Amino acid sequence: MQNKISFSTYAIIGTMLFGMFFGAGNLIFPIQMGQLAGTNFWPALIGFLVTAIGLPFIGILAIGLTGSNGLRDLASRVHPVFGISFSVVLYLTIGPFFAIPRTATVPFVVGFEPFIDPEQVTLWLAIFSFLFFVIVYYFSLNPAKIMDYIGKYLTPAFLLFLFFLIGIALIKPMGQFGEPVGDYSHLAFMTGFKEGYNTMDALASLAFGIVVINAIKRQGITDKKAISAATLKSGIFAMGLMMLIYGLITYMGASSVTAIDSFENGGLIFAAVSGHYFGSFGAILLGIIIVLACLKTSIGLITACSEFFHHILPQISYKMFVFILCLVSFTIANVGLNNIIQFAIPVLMFLYPLAIVLILTALCSPLFGNKQAVYAASMILTFFVSIIDGYSALVNSLPGASVLILEAVLEFYANYLPFYHIGLGWILPAIIGALIGVIWPTTKSQFQKA
């Protein structure tokens with residue numbers, strides 16, 4: 001068994017990781033953020049990069065450096081029941097309930113819907129999403145080939161077409177940055193920070209971490225330190241590439257308002273930018289970019305989710321889970337992109353603080369001897385804030401969902417909890433929980449790694 005791999009292999013694994021991460025949301029959210037942020041481009045972009053790049057990177061490291069056998073193993077450091085329940089909710093969120101359906105709706109909205117009679121959109125969405133998930137189903141049947149499918153073929157093809165569009169936008173800028181809109185005028189960094197939640201990449205990193213580790217192991221790497229080093233190098237390659245592309249896409253959005261006006265979602269902005277430069281050919285170019293981006297991400301998500309659910313329900317085959325997840329994703333995709341985004345936001349606002357605290361406590365575990373009490377106390381106090389964050393986002397979308405007692409808790413947090421007004425109210429409770437866990441009179445957790 002070898003304990004060293006070549007740079008080209010790091011690059012292929014990193015490209016595979018980038019390909020699994022960079023899909024529908026990674027294209028549509030930064031370009032819309034650019035339009036809204038305007039002259040506050042830099043603080044908005046930096047905030048976005050913290051959650052869209054920094055958190056996924058440390059999520060990958062949390063799996064690799066702690067030697068965990070996936071998300072369930074890592075989350076079980078809080079408690080075994082939490083390990084399975086949190087994992088199921090997270091995989092359903094980044095899988096068939098939100099992220100995977102979005103990979104089918106985004107290319108349809110961007111590349112096809114503008115040319116379809118509005119009365120026939122529902123029919124053509126069903127046809128397109130059916131064909132899309134047939135392709136995803138076929139390529140997801142063999143998880144051992146995922147590095148070849150995504151790392152060697154789909155991602156390089158996607159990057160080739162994307163950089164062609166970005167290159168033209170850099171050579172021939174559309175115009176000057178506009179004035180910032182809404183919260184971007186006075187809270188650009190924190191608004192960008194929360195916008196990064198929509199990519200779902202920090203959540204996906206907890207699922208994709210084990211995919212990367214398995215890819216490394218298939219290269220003959222067995223030593224834990226060598227696996228951690230390979231995970232770190234592959235992650236740096238992937239996140240560096242994502243950072244570059246995020247910056248360029250956000251720039252396109254910020255410089256586009258005077259040329260194409262503003263739109264209600266990033267998919268329509270991308271379509272308008274492509275049409276601005278290439279006319280009718282732009283629709284073809286953009287269709288290729290979006291379909292490749294979403295195919296590779298969908299294959300990665302279906303693979304990761306199917307392996308997870310097969311692991312907890314081994315009596316159902318991996319291939320059957322691939323079929324079930326594709327079928328459920330196809331069904332939900334047909335409710336439409338705007339509806340998917342609307343209902344995803346409350347779930348993300350609930351899950352993200354929990355995922356962030358889990359990642360950070362795992363990485364800091366050597367400092368507190370991996371005591372289970374630290375994990376449990378910090379997660380419990382974070383939960384009491386994140387559940388209200390999710391509720392608040394739900395009420396913003398559906399005012400009729402308000403509940404009197406939860407409104408009282410929300411008002412209390414807004415008045416007394418530090419940083420709550422900027423979306424970081426969970427920080428102090430998480431720290432207090434960790435301190436309580438440190439002084440709690442218990443022995444070290446049975447989950448401590450040797």
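May I ask you to verify whether Ile28 is over 23 Å from Ala362 (Cα atoms), among the β-branched types (Val, Ile, Thr), assigned by TED's automatic domain parsing to the domain that holds Phe308 and over 16 Å from the mean Cα position of the chain (by Cα)? Answer is no for this residue. Within the stretch 303-323, none of the residues are in a helix (DSSP H, G or I), buried (at least 23 other Cβ atoms within 10 Å of the Cβ) and in contact with a Cys (Cβ under 6 Å, 6 or more places away or on another chain). Search the stretch 105-139 for residues being at pLDDT 90 or above and small (Gly, Ala, Ser), and hand back the single one that is surrounded by the most Cβ atoms within 10 Å (Cβ to Cβ). Of everything passing the filter in the stretch 105-139, Ser129 is surrounded by the most Cβ atoms within 10 Å (Cβ to Cβ).
Within the option set Ile312, Ile316, being without any contact (Cβ under 8 Å) to a residue 24 or more places away in the chain and assigned by TED's automatic domain parsing to the domain that holds Val109 holds for one residue only, Ile316.
This table checks each residue for (1) on the phi > 0 side of the Ramachandran plot; (2) modelled with pLDDT of 95 or more.
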position	(1), (2)
Tyr352	no, no
Ile359	no, no
Cys364	no, no
Gly369	yes, no
Met379	no, yes
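The criterion of at least 3 residues that are under 24 Å from Leu203 (Cα atoms), assigned by TED's automatic domain parsing to the domain that holds Ile58 and touching a residue at least 24 places away in the same chain (Cβ under 8 Å) is met by none of the helices (runs of 4 or more DSSP H) wholly inside the stretch 338-450.
From the list Ile302, Ile312, the lone residue that is modelled with pLDDT of 90 or more and in contact with a Lys or Arg (Cβ under 8 Å, 6 or more places away or on another chain) is Ile312.
The values are calculated or read from the model by the stated rules, or taken from the named source; none is laboratory data. The structure presented is a predicted model; accordingly, all values stated were derived computationally and were not measured. Positions of Cβ are generated from backbone atoms using ideal geometry, with glycine treated the same way; all protein chains shown enter the neighbour counts.
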